[in-house]
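Trainee: Questions regarding the structure given below will be posed in turn.
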Amino acid sequence: MPITSAIIIFALTLILVLGGLWVGQNVDLLPLSASENAPVYDELFKVLFSIGTILFVGMVGLVIYSLIKFRTKPGQSGDGIPLEGNLSLEILWTAVPAVVVLFVGLYSYDIYDRMGGMQSLSHEGHHSQELINEKRIWGGISSGSVESSSQESITSLPIEVTAMQFAFLFHYPEGDIISGELHVPVGKPISLTMESKDVIHAFWVPEFRLKQDVIPGQPTILNFTPTKPGRYPIICAELCGPYHGGMRSTVVVEELEGYKAWFKSNAKTELIES
Amino acid sequence: MTIATPSESLQPSGWAKYFSFSLDHKVIGLQYLVCGFIFYLIGGILAGAIRIELTSPISDFLTRNVYNQVLTLHGTIMIFLWIVPVVNGAFGNYLIPFYVGARDMAFPRLNAVAFWLIPPAGLMLITSYFITGAAESGWTAYPPLSITTPAAGQLIWIVSVLLLGGSSIFGGINFIATILKLRRPGLKLMQLPMYCWAMLGTSILVVLSTPVLAGTLILLSFDIVAHTGFFNPALGGNVVVYQHLFWFYSHPAVYIMVLPAFGLVSEILPVHSRKPLFGYTTMVYSIMAIVVLGLLVWAHHMFTSGTPPWMRLFFTIATSFIAVPTGIKFFNWVATLWGGRISINSAILFSCGFIVNFVLGGITGVALAQVPFDIHVHDTYFVVAHFHYIVYGGSVFVIFSSIYHWYPKFTGRMLNEDLGRFHFLITFIGFNLCFAPQHWLGLNGMPRRVAEYDPQFEFVNQLSSVGALLMALSTLPFLWNIFQSFFIGRIAGDNPWHALTPEWLTTSPPPVENWKGPAPLVTAPYGYGAVTNTEAIKSTEIKNDLEENN
Ligand code: HEM
Ligand SMILES: [Cu+2]
Ligand SMILES: [Cu+2]
């Protein structure tokens, strides 16, 4: 290979890689991030976006270049070069994707761990410990970093979620509150134990980057820690019937005082009633 | 092994043979193709209805139940009545006997039965909409929704998918037998055109995984009719087990839709770039690697179903690794183009469009395989975008490419290239306009399978619907081209592309027995650029001509 084309290829690859990294770092395609694991998710997204951009632009570039460079020009006839393979090239493009994929796998394992995905769910809140004795618990994603998990099991706020066609109901065992909206204090680890009354639904809050199916007959758990006050949609993400698209609720993330006020006003009425 | 020779006298000829229980693999192949295309048009009309509904954020065009029925029919028709039968049945039946040097498939009668299961199954599925109301639980038919929605439509759906599955299994057995047992003496496995390897791999997947789907759907029908409790939590059943069984078939099913397309592209690119297929051996091994890995990744569809952490991790790693053999194939195709003498015609444009679209679908696929990434976008429009980049941008683009490539063989006439390139342009733009924005919708909070959505998504949905409209319009120049070329297209001759694979070494359309005279022995189907091979082909052509004149 002549030295000039080697330099050109090197320069183009460099531009492609740097460009891909730049694009990945600067994309803004995700909604607001409002839970402890959302920024971790966004970090993964940026890395995947960079790798994806590099691969996509590189491949498309090669295809378009080939179509232009090697198209049959007027007056040309005959075949192309009888090149049937090239062992070192083929090893290269087996090894490079293998390494990239391995990197992506290990990195997303790390992300998953930091999102709390690898924590054994049976060691979490006491309420789930109780449930484990009765029914089988299915693992959802648990929240927070590994370090904080020991405290979290003591301090997390347990809420029971019931899904049915076509609504979510939230039950707070502590104040015996039943609510159609999920109210949570900012910064507090929340532990949802969810079960469906009829068909499969899914609990999804895009701003938390979390989703967990809500299944009849098998409680699932979803843990998270909200970080930004606000009202975010809770969306059912599993086809559950004609009104599936309308199966929505809201999670209201409030400062502690606001949450306490809401809790008091609702817990009182509940207590008086019971 | 005896070679089955359909005797001409027993078969109807002319137009009638396409409506008969013909045993000729070429007739059956075209029956699959035309029948599949009709279902594609029906599925496309349903897609149009979905996109019209989604131009506004409220549910206003279809009633909610009908919307879910349309959604279910669209998915089921496109998968089981269009892509699977066409990439396997149509091109497989037409080409495989040529490629192995046989005069028909191993079991011609089974072959005809396999095809004739399809029209009644499809008609049944579609008429269920008018008579009882169609199934409305999505093409995945997850219980308990599929147990609690109206039973009649769901049962008809189950019966027709069972028939289509049966058809697919019969076809698979036939392809395996034909490729392994009907090869012309002297033809070695590693000399077969790549489409044979793709069909061998695909048929193994079909035969291993389709029975699991059949068993699962039979259990589901028991739950519906006999009130058994396999998947009914009210009776102690387990709904997640259904998902495992369903995806044990349906992940391989995505490869059943795309591996044959990989094979077809491997035939088309060398011909129009006048170059040997790059890396034949690694291509064969990567097909087999995809087959093995493809059986081990199903639970990546269930990351939010309450799967335990170890299982999530295993399926993340296994799924990610499929990207390696898949990547090899793409690099090999680009290397096939490299240094070629490329004719920029409709066939190569659709094939290159496939490469571009599939690369994007593959990249989002690897992202979806990462559990932490998937839990946000699972069951959203991001997934809808991913798999349409694969199934439409991949398989459907390849089907169009293949029609441009083989139409001259099928009919003896050339298609109009200007119309073809125009068709490509509109399809490519329409497709990307329709599906690229859906990635954003999913990331930002629009779930899939909904008839209503947040007003903030209205503009992007309208953009997507404009893309869908372009896709619909792009069908018109294609249909016109197919129609008019049949009568006024330039006469193709035996081998208009100067290709080396055996289907071109006979008349267009070929005689019932495929070749007048002995089947040619093609040991270098991709021997472009090598003088000896081109000479060899020329001499076969001349020989055939001489025989015809005698
Ligand atoms: C590079 C290879 C691929 C990878 C890594 C991959 C990965 C995935 C993953 C992880 C999902 C699940 C997403 C979710 O539901 O949350 C998915 C969905 C899907 N993929 Fe792929 N995919 C690949 C190629 C393909 C191919 C070749 C096809 C078909 C020809 C395909 C068709 C589909 C379909 C139809 C779905 C959605 C199924 C449904 O839920 O209705 N994918 N893919
Ligand atoms: Cu729902
Ligand atoms: Cu899959």
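The values are calculated or read from the model by the stated rules, or taken from the named source; none is laboratory data. Note that the structure is a prediction, hence the values are computed from the model and not measured. Methodologically, a virtual Cβ is constructed for each residue, glycine included, from the backbone with ideal geometry; neighbour enumeration extends over all protein chains shown.
Trainee: Any chance segment B:336-345 includes a residue that's of a type outside the set (S, T, Y) and within 23 Å of A:T53 (Cβ to Cβ)?
Mentor: Looking only at segment B:336-345, we keep the residues that are of a type outside the set (S, T, Y), and these are B:337-342, B:344-345.
Now restrict to residues that are within 23 Å of A:T53 (Cβ to Cβ): B:337-338.
Within segment B:336-345, one or more residues are of a type outside the set (S, T, Y) and within 23 Å of A:T53 (Cβ to Cβ).
Residue-wise test of (1) within 14 Å of chain A (Cβ to nearest Cβ); (2) hydrophobic (A, V, I, L, M, F, W, C).
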position: B:F98; (1), (2): no, yes
position: B:D104; (1), (2): no, no
position: B:M124; (1), (2): no, yes
position: B:G138; (1), (2): yes, no
position: B:T149; (1), (2): yes, no
position: B:G153; (1), (2): yes, no
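Trainee: Of everything in segment A:26-85, what is assigned to a helix (DSSP H, G or I), more than 30 Å from A:D113 (Cβ to Cβ), out of contact with any Cys (no Cβ under 8 Å at 6 or more places or on another chain) and within 7 Å of another protein chain (Cβ to nearest Cβ)? Give them in sequence order.
Mentor: Matches in segment A:26-85: A:M59, A:V60, A:L62, A:S66.
Trainee: Quick one: B:A436 ticks every box in (1) more than 22 Å from B:E267 (Cβ to Cβ); (2) surrounded by fewer than 24 Cβ atoms within 10 Å (Cβ to Cβ); (3) within 16 Å of ligand 1 (Cβ to nearest atom) except a single one, so which number is it?
Mentor: Result: B:A436 passes all but (3).
Trainee: If we scan segment B:418-428, do we find a residue that is within 16 Å of ligand 3 (Cβ to nearest atom), at pLDDT 95 or above and crowded, with 20+ Cβ neighbours inside 10 Å?
Mentor: Of segment B:418-428, the ones within 16 Å of ligand 3 (Cβ to nearest atom) are none.
No: zero hits.
Trainee: Which of (1) among the hydrophobic types (A, V, I, L, M, F, W, C); (2) within 16 Å of ligand 2 (Cβ to nearest atom); (3) under 18 Å from A:P158 (Cα atoms) does A:A202 not meet, given it meets every other one?
Mentor: (3)
Trainee: Mind checking whether some residue in segment A:198-205 is in contact with a helix residue (DSSP H, G or I) (Cβ under 8 Å, 6 or more places away or on another chain) and surrounded by fewer than 24 Cβ atoms within 10 Å (Cβ to Cβ)?
Mentor: Yes; the residues of segment A:198-205 include at least one that is in contact with a helix residue (DSSP H, G or I) (Cβ under 8 Å, 6 or more places away or on another chain) and surrounded by fewer than 24 Cβ atoms within 10 Å (Cβ to Cβ).
Trainee: For segment B:295-309, give me each residue that is crowded, with 21+ Cβ neighbours inside 10 Å and either within 9 Å of ligand 1 (Cβ to nearest atom) or at pLDDT 95 or above (or both). Working first, answer last.
Mentor: Restricting attention to segment B:295-309, the residues satisfying the condition of being crowded, with 21+ Cβ neighbours inside 10 Å are B:297-301, B:303-307.
Of everything in segment B:295-309, those that are crowded, with 21+ Cβ neighbours inside 10 Å and either within 9 Å of ligand 1 (Cβ to nearest atom) or at pLDDT 95 or above (or both) turn out to be B:V297, B:H300, B:H301, B:F303, B:T304.
Trainee: Still on this model: So, restricting to strands (runs of 3 or more DSSP E) that lie completely within segment A:193-235, which ones have at least 1 residues that are more than 14 Å from the chain's Cα centre (by Cα) and at pLDDT below 95? Spell out how you get there, then give the answer.
Mentor: Working: elements: A:201-205, A:210-214, A:220-224.
Answer list for segment A:193-235: A:210-214, A:220-224.
Trainee: Another one. Looking at segment A:217-242, I want the residues that are under 19 Å from A:E160 (Cα atoms) and within 7 Å of chain B (Cβ to nearest Cβ) and have a partner that is basic (K, R) and surrounded by fewer than 20 Cβ atoms within 10 Å (Cβ to Cβ) with Cβ atoms under 7 Å, at least 6 apart or on another chain. Which pairs are those?
Mentor: A:Q218/A:R136; A:P233/A:R248; A:I235/A:R248
Trainee: Also, I was wondering about something else. Among the residues in segment A:160-174, are any hydrophobic (A, V, I, L, M, F, W, C), within 16 Å of ligand 2 (Cβ to nearest atom), under 23 Å from A:S265 (Cα atoms) and crowded, with 18+ Cβ neighbours inside 10 Å?
Mentor: Yes; the residues of segment A:160-174 include at least one that is hydrophobic (A, V, I, L, M, F, W, C), within 16 Å of ligand 2 (Cβ to nearest atom), under 23 Å from A:S265 (Cα atoms) and crowded, with 18+ Cβ neighbours inside 10 Å.
Trainee: Would you please name the residue that is nearest to ligand 1 (Cβ to nearest atom), looking only at residues in segment B:312-347 that are part of a loop (DSSP other than H, G, I, E, B) and of a type in the set (A, V, I, L, M, F, W, C)? Write out each step before concluding.
Mentor: Going residue by residue through segment B:312-347, those that are part of a loop (DSSP other than H, G, I, E, B) are B:338-341, B:343-345.
Those left that are additionally of a type in the set (A, V, I, L, M, F, W, C): B:338, B:344.
Values: B:W338: 23, B:I344: 27 Å.
Ranking the qualifying residues of segment B:312-347, first place goes to B:W338.
Trainee: Let me ask another. Out of all the residues in segment B:410-444, which are under 22 Å from the mean Cα position of the chain (by Cα), within 13 Å of chain A (Cβ to nearest Cβ) and closer than 30 Å to A:R209 by Cα?
Mentor: Within segment B:410-444, B:N432, B:A436 meet the criteria.
Trainee: Let me ask something additional. So which of B:T216, B:T228 is more than 18 Å from the chain's Cα centre (by Cα) and part of a loop (DSSP other than H, G, I, E, B)? Break it down stepwise before answering.
Mentor: Details: B:T216 fails: part of a loop (DSSP other than H, G, I, E, B).
Just one listed residue meets the conditions, B:T228.
Trainee: For B:Y255, are the conditions met, namely being within 19 Å of the chain's Cα centre (by Cα), of a type in the set (S, T, Y), away from ligand 2 (no atom under 16 Å from the Cβ) and under 14 Å from B:A198 (Cβ atoms)? Outline the logic, then answer.
Mentor: Numbers: within 19 Å of the chain's Cα centre (by Cα): yes; of a type in the set (S, T, Y): yes; away from ligand 2 (no atom under 16 Å from the Cβ): yes; under 14 Å from B:A198 (Cβ atoms): yes.
Here the answer is yes, as B:Y255 does meet what is asked.
Trainee: Is it true that some residue in segment B:259-275 is assigned to a loop (DSSP other than H, G, I, E, B) and facing another protein chain (nearest Cβ under 9 Å)? Walk me through it before giving the result.
Mentor: Of the residues in segment B:259-275, the ones assigned to a loop (DSSP other than H, G, I, E, B) are B:274-275.
Going one step further and asking which of them are facing another protein chain (nearest Cβ under 9 Å), we end up with B:274-275.
For segment B:259-275, residues assigned to a loop (DSSP other than H, G, I, E, B) and facing another protein chain (nearest Cβ under 9 Å): present.
Trainee: Would you point out the residue of segment B:63-77, among those that are among the hydrophobic types (A, V, I, L, M, F, W, C) and farther than 14 Å from A:C240 by Cβ, that is nearest to ligand 3 (Cβ to nearest atom)? Give the steps one after another, and end with the answer.
Mentor: Taking segment B:63-77 first, the residues among the hydrophobic types (A, V, I, L, M, F, W, C) are B:66, B:70-71, B:73, B:77.
From the residues that got through so far, the ones that are farther than 14 Å from A:C240 by Cβ too are B:66, B:70, B:73, B:77.
On the way: B:V66: 29, B:V70: 24, B:L73: 22, B:I77: 20 Å.
Filtering first and then ranking leaves B:I77.
Trainee: Which residue out of B:A106, B:A152 is more than 24 Å from B:L41 (Cβ to Cβ) and part of a loop (DSSP other than H, G, I, E, B)? Before the answer, list the steps.
Mentor: Numbers: B:A152 fails: part of a loop (DSSP other than H, G, I, E, B).
None of the others qualify; the one that does is B:A106.
Trainee: When segment B:357-409 is examined, which residues are found to be more than 22 Å from B:E458 (Cα to Cα) and within 8 Å of another protein chain (Cβ to nearest Cβ)?
Mentor: B:V359, B:L360, B:I363, B:T364, B:V366, B:A367, B:Q370, B:V371, B:P372, B:F373, B:I375
Trainee: Before we move on, is A:S128 in contact with a strand residue (DSSP E or B) (Cβ under 7 Å, 6 or more places away or on another chain), modelled with pLDDT under 55 and either part of a helix (DSSP H, G or I) or within 12 Å of chain B (Cβ to nearest Cβ) (or both)? Even if it seems obvious, please write down each step before you answer.
Mentor: Numbers: in contact with a strand residue (DSSP E or B) (Cβ under 7 Å, 6 or more places away or on another chain): yes; modelled with pLDDT under 55: yes; either part of a helix (DSSP H, G or I) or within 12 Å of chain B (Cβ to nearest Cβ) (or both): yes.
Taking the combined requirement at face value, the residue satisfies it.
Trainee: Which residues, counting only those in segment A:47-62, are crowded, with 18+ Cβ neighbours inside 10 Å and not aliphatic (A, V, I, L, M)?
Mentor: Across segment A:47-62, the qualifying residues are A:F49, A:S50, A:G52, A:T53.
Trainee: Looking at B:S320, B:S346, B:S305, which is the one that is touching a residue at least 24 places away in the same chain (Cβ under 8 Å) and within 16 Å of ligand 2 (Cβ to nearest atom)?
Mentor: Details: B:S320 fails: within 16 Å of ligand 2 (Cβ to nearest atom); B:S346 fails: within 16 Å of ligand 2 (Cβ to nearest atom).
Unique residue meeting the criteria: B:S305.
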